[in-house]
Structure formats: structure tokens, C-alpha cells
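Structure record follows, encoded as C-alpha cells.
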Amino acid sequence: MKKISLFPVFIILFYFSVFAQDFSYDKKVGAEGAIQVEQMIGIYHDSALTAYVNAIGQRLVNVLGDPPVTFRFHVVDMAEPNAFALPGGYIYVSRGLLSLVNDEAELACVMGHEMIHVTKRHSVKQMKKSILPGILHIPGAVVGIFNQDLGRIINTPVSFGSELFLSNYSRKQENEADELGIKLASKAGYDPAKLSVILDNLSKDVERLTGEEEKKSYFSSHPITPKRIKDIEKELPKLDWTSKASIAADKQSLYAKLEGMYVGQNPQQGVFQENVFMHADLDLAIKFPKKWKTTNVPIAVGAVQPDGEAQIIFLADDTDKSPDSLGIAFANLLRKKYDIQPLKDQPIDINGFKAYEVTFQDNSGSKSVDYQIYWVQTEKMVFNVMGVSYSNHTESVTAIANSMRKLSDAEKTGISGLKIRVAIAQNGETIEELSTRTTNVWDVKTTTLMNDVEPNAMLKEGQVLKIGVEERYLTQ
């Protein structure tokens, strides 16, 4: 079939959609993207913290003039330090970013920056990723089964995880967002110089987390360079602004807003302890091979083999139907609609969970591809487990599916999470001494970064600091 280039048509449509005065396109795209954010990253549920972020946002909106969209401000359940915007006024800040904030103006400057990306309609190149990286070539005869009949497919290009909606802004767009963002923050009474402070701390935190300078997260889409900092500093003298009282009156009030927020893995969404996924609320454990790349998002947990030759994903399914009814219906569909004879089509038991297994193989490609589909009834819900692999990894995929089990009592009570707590320093105390007295698990480097203080600082009486405390998730 002759290929017809749609590129010129796309350019025309893109031009009119982006540069037209009407923001209806932005609102539509943003609303669709917001659903994906909830599914693939998750909204962090802390009403007081969300209200605080929203209050800062509304203060910025009030000095914006006549905003073309309704701005919405959310905290995303993301451990990495990040902030991003969707067309139509959806502004997101992550738990990881909030943990670094030591002055309300820092957060206001970042949010102002993101708001400018929205109002200036800077082009957004969304990074499309699958729930698990699409690495196997799924033969054409099989693709329709997943797309149409299971309603989902491991290789479907949908946005995923902490790299969702990381927009590759041009240097010009970033400079414009910096310049107008700090201007917006200053009009709301915030110190515009604080943008440079939070950017510097963000860069240090990314390096701390990854061991590499600016490897991912915020700086994948908002690259920071010495020139960018200098450009920001050049704009500061041009701003005529008057400081206004922050919503959080002082540092202790600010830290109180953050107290209790999870840092790192959030046990509410399940946690990985090495290669074992544990979810206390679902009373569920799943064991993955040690070198496989694992992932955990609100709607799924799964893993991919290091060389991309196998992958498996666990999703919630229709809890009103039994594994048998779901499995039999799918096996019959394979036979009648696709003329595929399952290799296995049977009820099974997985460590006390009632389950149903359907497997089949496709030999149309250069290498055989094995498909394993399971429906598993746990005490909380029915899981749909989908595995796809080359034949040499079939046993590994089977082992993962059959590793589903209940948590032991010790495992359940042993699940914990790192939370921000507020500590009050004693006069002349060092960071090490404060950490010992308060059970702070952060090392000196992390503690000083989180509080923007010097590592060898002698603390003052009554000085407030954020600390990290490991706490049990289930208290009973």
C-alpha cells in the first residue's frame, strides 16, 4: 500500500490548534491528560496540603489578570522532585519537590513558571510510554485480541510513571517562563530570587537521588544551566515588587504543612522491598526476578526482563465476575473470533487464590512468542495478569504469576514509609546530634539539603528543621 504523508496536514492543524485564540483545544487535551495523570502517577491524598498548594496557586491567579483557563492545582504522588503543567490550566507539583521547599516563595516561583507555560501555550511534546516498555513485537494477528477484547495491551503506547508529560521546552520558552513566572510571583508578593534557590536545590537533589547531574525528573524538561540562573538574576533588578505576608506565616508553619507527607515510596500504593512487591491494604505479595525492571503505578504493577524479552503486568479486573467466567469467555473468544486454540484453558490454584489460566503461542514471527493470561481472585479483588515473552523466558513469567500470595503477619506489620516530621533544635546542636536525638534517618547531606543549611552548621535554640522518620504503615 502506498504511504501518504500527513505531515503537512498535521502542521496546519497544529498551527491552528496552538495559535488560535480559543483555548477550547487546550482544555480538551488537558482534561484528557489529567485522567492519565491520575491513573499513571496518582494524586496524593492530603486535603490540608492540597488546600495549601491551591491557596498559593489562587494567589497567583488573582494577579494574573484575566486568565484564559480555570487553573487547577494538585499534588501528585511522585517521589521524584518535579512540577509540570498540562494545557488548559492543570498544574502539578510532586511530593519530591515539596519536600525540598524551605520558603513559600520557592514554591510560588515554580508554580508561576508552570502557569506561564499554560498561558503562553508553549508546545508540549508528551513522552508516550507504555505501562511497561513495549519491547516484544506482537504479531499482527494477536494485536486485536488485546486492543479490542481485553481492552488493554502491554504494548499500548500510553503515558507512564514519573516521566509522564515531561515537556521538552525550548530554551526560549524556558526563558520566557522564568522571566514571566518570577514577575507573576513578585506581583503576588513573593521574593522572585527564590526561583534560583529552588532550582539549585532541585539540581542537587536529582544528583543525590541518581548519582548523576540532572539525569531525569524536573530537569529532563526544564534544563538548568549557569546561563539560565544568570538570566534569572538579570531580571530581578527590573522587578518592582512589594513583599507580602506568606500564607504560611513562618518556617515552622510551612514545615507543619509538610509534616506527615511521605518521602520516597508511598506504602498506600504498595512498596517494593528489593524484588518483592508488598501491598498491605490488599494483603498481597508478588515476587519478581531480581534483575527485572519493576514498576508500580496506581492502576498496575509489573516488570520487564532486562533485555526486553519478557514482561508481565497485574491490573484490577471486574470484581463482579469470577476468574472462571472471565477465563472461559476469553478462551472461547480466542477460538471463535481469532481461530486460536489455547495451549492451556483451565482453573488453577495459586497459593490459595482461585484462578483461571489461558495460554497460547504465536509462531508467525522469527521467534515464538508465548502469552499467559490469568485471572486471580484475592480477598480484595480480581486481578488480570498478562504476560508475554519469548519462549526462553516463559518459565520466569509463569513463576511470577504463581508467586502471588498473602502477606505474612510479620511482612504486613513490617511495611513502613518515610515521613517528614518537624524537629526543634537545641542550642549549639550539630546535625548529627539532632539526628540521633530525633531518630532522623536522613544522612547529613540529605538533611542539610532538605533544610537548605550548611553541613557543619551549629544549630540555634528553637530552630526548626525537617527530618525523615521511618514509621510503620499499619499501626494495628
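The values are calculated or read from the model by the stated rules, or taken from the named source; none is laboratory data. Quick caveat, the model's predicted, so the values are computed rather than measured. With ideal geometry, Cβ positions are generated from the backbone for all residues, glycine too; neighbour counts draw on all protein chains shown. Only protein heavy atoms, including side chains, enter the accessible area calculation; ligands, DNA and RNA are left aside. Shrake-Rupley method; radii C 1.70, N 1.55, O 1.52, S 1.80 Å.
Structure notes:
- Based on every Cα atom in region 249-370, Rg and the maximum pairwise Cα distance Dmax equal 20.3, 69 Å.
- A probe of 1.4 angstrom, applied to the heavy atoms of all protein chains, finds Y356 with accessible area near 10 square angstrom.
- Calculated FRET value between A399 and S24, using beta carbons and R₀ = 51 Å, to 0.05: 0.50
- Interatomic Cα distance distribution for region 428-476, bins of 10 angstrom, percent: 26, 54, 14, 7
- Across the protein chains, with a 1.4 Å probe defining accessible surface, the residues K460, K336 rank K336, K460 from largest area downward.
- Listed peptides 366-378, 178-190 by packing density, highest first (mean Cβ within 10 Å): 178-190, 366-378
- Listed residue pairs exceeding 18 Å between alpha carbons, taken from K183/K238; K172/K234; K287/K412; K187/K466: K187/K466
- Stokes-Einstein diffusion coefficient of region 349-405, Kirkwood radius over Cα pairs, 10 °C, 1.306 mPa s, in µm²/s: 133 µm²/s
- Within region 49-97, all pairs of alpha-carbon atoms sorted by distance into 5 Å bins from zero give the percentages 5, 21, 29, 25, 13, 5, 1.
- Rolling a 1.4 Å probe across all protein chains gives K406 an accessible area of roughly 90 Å².
- Gain in span if fully extended, S391 to R472, counting 0.36 nm per residue against the direct Cα distance: 25.0 nm
- Judged by the mean number of other Cβ atoms found within 10 Å, the most tightly packed of the peptides 48-60, 379-391 leads the ranking 379-391, 48-60.
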